[in-house]
Amino acid sequence: MKFRRTTIAIAATGIAALALTGCAGGAAPAATDGGEASGDIPATTIRLAVGDPAASSVGRTAEHFAETVSELSDGAVTVEVFPDGTLFNGDQNAAVNLLGNGTLDATIISTSVYASFEPGMNAISLPFLFDDMDQFSEYLAGEPGQELLDALEEDGIEGLAMLTRTPRVTTNSSLAIEEPADFEGLKIRVPQNELWVKFFGELGANPTPMDFKEVYTALQLGTIDGQENPLEVPVANKFFEVQDYLSLTNHISDGYVLGFNKAKFDGYDPAVQEVLEEAAADTATWKRETDDAEVEQILADLEAEGVQINELSDDARASFQETALELYPSFEPLVGAEFMERSLEFLGR
């Protein structure tokens, strides 16, 4: 198994040193805009596509990455951020294909989407797998996360970093979710991923895979009763306009992959590659540090919009966990038995 040069965690001194010393590079690569910038870093422009609005968590994360790249390269490398799925028509599964074939330069796409291409990504989303966000972050930054990034090379993708997301919660138009029985009969939108379908089906819900771009309208029309997503999604996409209840179920974890088309990344000058890797590591650290503060602000914003928010009791969470653990053996084919075992060992399970 190979491991990349950079790790998810990066010290501020390392960033400062890079900015001061520069990135001594070789000949200009084919993947530039043809000009020369300050120092030895070739002028390079990269288009980074994300699926959510610019003001969303992933939109701000993309902007942080772009700003960090600019700072580290002294303006030589420009990352242009394209939000709202404009470069892939809102279809995030298509975005992964477009990234792999080189139509897209770079994306930040969720691990649950990547699971359709790399089954090991499903390990991240095993229900109630992580004790808290710190453990989740350690998993992504550790050997399991690096193994998942390396696996993407087969799809033509260079994964630079795994990023955390806020916990997944449930919204619906009918009732507060306080125990597993409350899911009975709820038609709830889930990603096009068998793990989600199996888990929510076991809870008695009617899980309904649906492209994300169709969710708001389906909620508005009552085609579905609810949806589940990381906490920032209901705010960024204004689901509070058509959903009255938000339950902090924190049932499944989901991350992001900051990925590049591998052929294009390999074609960049080594100095450009180093800047991108350092900026990706810094962005992963920044994202984790901002998650907690973001959760507090999101909850306040939702309450201001009149959304009823509730947490699970300890007994209810234990009941959900019991159901989830009973399903783990059936999830092995979706994850891969060997990687699932390594993941559980890493977490001390």
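Brief remarks follow.
- Extension reserve of the F346-E143 stretch, reckoned as 0.36 nm per residue once the Cα distance is removed: 72.2 nm
- Gaussian network model of the chain, Cα within-10 Å springs - most flexible of A54, A95, A281: A54
- Relative packing of 322-328, 272-278, 335-341, which averages over residues the other C-beta atoms within 10 Å, highest first: 272-278, 335-341, 322-328
- Of all beta bridges that DSSP places with both ends in the chain, some 50 percent have antiparallel geometry.
- Positive-end ranking of G267, Q227, N206 along the dipole of the chain, with charges on Cβ about the Cα centre, is headed by G267.
- Sorted peptide list for 169-177, 125-133, criterion being average Cβ within 10 angstrom, highest first: 169-177, 125-133
- Sum of side-chain charges, I188 neighbourhood, beta-carbon under 9 Å (Lys, Arg +1; Asp, Glu -1): 0
- For the chain, adding -39500 (n - 2.57) for each run of n ≥ 4 DSSP H residues and dividing by the number of residues yields -13500 deg cm²/dmol at 222 nm.
- Across the stretch 89-174, Cα pairs under 8 Å and at least six residues apart give a relative contact order of 23 percent.
- Whether the stretch 54-101 is rounded, prolate or oblate, judged on the alpha carbon gyration tensor where a/c under 1.5 counts as rounded: oblate
- Peptides 303-312, 40-49 ranked from most to least packed, by the mean per-residue count of other Cβ atoms within 10 Å: 40-49, 303-312.
None of the figures in this text is laboratory data; all of them are computed from the coordinates on show. Please read these numbers as outputs of a predicted model, since none were measured by experiment. With ideal geometry, Cβ positions are generated from the backbone for all residues, glycine too; neighbour counts draw on all protein chains shown.
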